[in-house]
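The values are calculated or read from the model by the stated rules, or taken from the named source; none is laboratory data. Remember, predicted model here, so these are calculated numbers, not experimental data. In this analysis, Cβ positions are derived from the backbone assuming ideal geometry, glycine residues included, and neighbour counts consider all displayed protein chains. Heavy atoms of the whole protein, side chains included, go into the accessibility calculation; ligands, DNA and RNA do not. Shrake-Rupley method; radii C 1.70, N 1.55, O 1.52, S 1.80 Å.
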Amino acid sequence: MVRKSLVRRLAWVASIAALTTLGLVGTAEANDTGSSLPTATHWYMTPNPGNDCALNIRNSASTSGTIVGHLPNCSQGAWCWYQTSDCGPTVTGGSYTCNYADGSSGLHSNVWVRVTDKNGKLAYVARWCGFAQQL
């Protein structure tokens, strides 16, 4: 019985490690595994509906940084570099504007959040064009 419990715990730890390494973009459906093991929830930066549910992931904290990913809807998010409810400390960088769904200009800011790109490397998203949530 102890061995079976240990095997389950090791499998759970391995699945957490896999999610941490590979689950860099999450969806709400990703947690529905149908398993009796506890599901891991992580903090993700998801696009703001006011920004037409779209968010670019860049390699630097600037709009001139290369786009290394794009979130096309509000049900996906980029894995927060720091796993806290606000995705951790922000970075002051280049200015950006979040646009509203109707195409009008929205909020102007220079605050960026650290996230991971699809390869697990440090990347950035415009802080006020998205919001942190657990998926």
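Using heavy-atom solvent-accessible surface (probe 1.4 Å) with all chains present, what is the largest-first order of H70, H108, H42?
Reading off the accessible areas and sorting them downward yields H108, H70, H42.
Evaluate segment 79-135: find the radius of gyration of its Cα atoms, find its Kirkwood radius, and give the ratio Rg to Rh.
Value, to two decimals: 1.00.
Calculate, in nm to one decimal, what H70 and T97 gain on full extension: separation in residues at 0.36 nm each, minus their alpha carbon distance.
8.1 nm
Quick one: with all protein chains in place, what share of the accessible area of segment 45-135 is carbon or sulfur, to the nearest percent (1.4 Å probe)?
The value for segment 45-135 is 49 percent carbon and sulfur by accessible area.
In nm, give the distance between the simple-model label positions of S85 and N119, each being 7 Å from the Cα along the Cα-to-Cβ direction.
Reported label-point gap for S85 and N119 is 3.5 nm.
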